[in-house]
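Each reported figure results from applying straightforward, stated rules to the coordinates on display, with no laboratory input. These numbers were taken from a predicted model, which means no experiment stands behind them. Here the Cβ is made from the backbone with ideal geometry for all residues, glycine too, and neighbour counts use every protein chain on show.
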């Protein structure tokens, strides 16, 4: 089995986990791919995808800045702060609300193609969902 987040959000009855899109979908969970770019090597019809909610992902500018500066001190913290600002308005806020409404219906897995989801944008989405629901 692939990477699974040890951190699980439980917001007013909903359980949200983090996983890699290349792994099988957990039983009973609605998987939502939260990357802006389509995962390499997967067809659009691949059943592991579930729903694609690219609007919740960081903007192209922020994503490129993060990858260009990765490894520099404090970059991840700056990325998280900037991403939280993005999640507060526009299409990203709408997409976050959509994910919360899906999670209110049952278990959700936030899926990413990132090799190390713990240093990606996905934990920030989970934290924002917990903040909004808690």
Per residue convex hull volume, Cα only, the chain, in Å³ is 109 Å³
Selected from 89, 120, 59 as most flexible by GNM, with the chain as the system and alpha-carbon contacts under 10 Å
89
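Just rank 43, 131, 36, 20, fewest to most, by other beta-carbon atoms within 10 angstrom. Each step should come with its number before you reach the end.
Numbers: 43 9, 131 12, 36 17, 20 20.
Listed from fewest to most nearby Cβ atoms, that is 43, 131, 36, 20.
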Gain upon complete extension [residue 76, residue 91; 0.36 nm per residue less C-alpha separation]
3.1 nm
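Test of understanding: ordering 48, 40 by Cβ neighbours within 10 Å, fewest first, what list do you get?
Numbers: 48 17, 40 7.
In order of increasing Cβ crowding within 10 Å: 40, 48.
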Looking at the chain, send over the antiparallel percent of its DSSP beta bridges, to the nearest 5.
25 percent
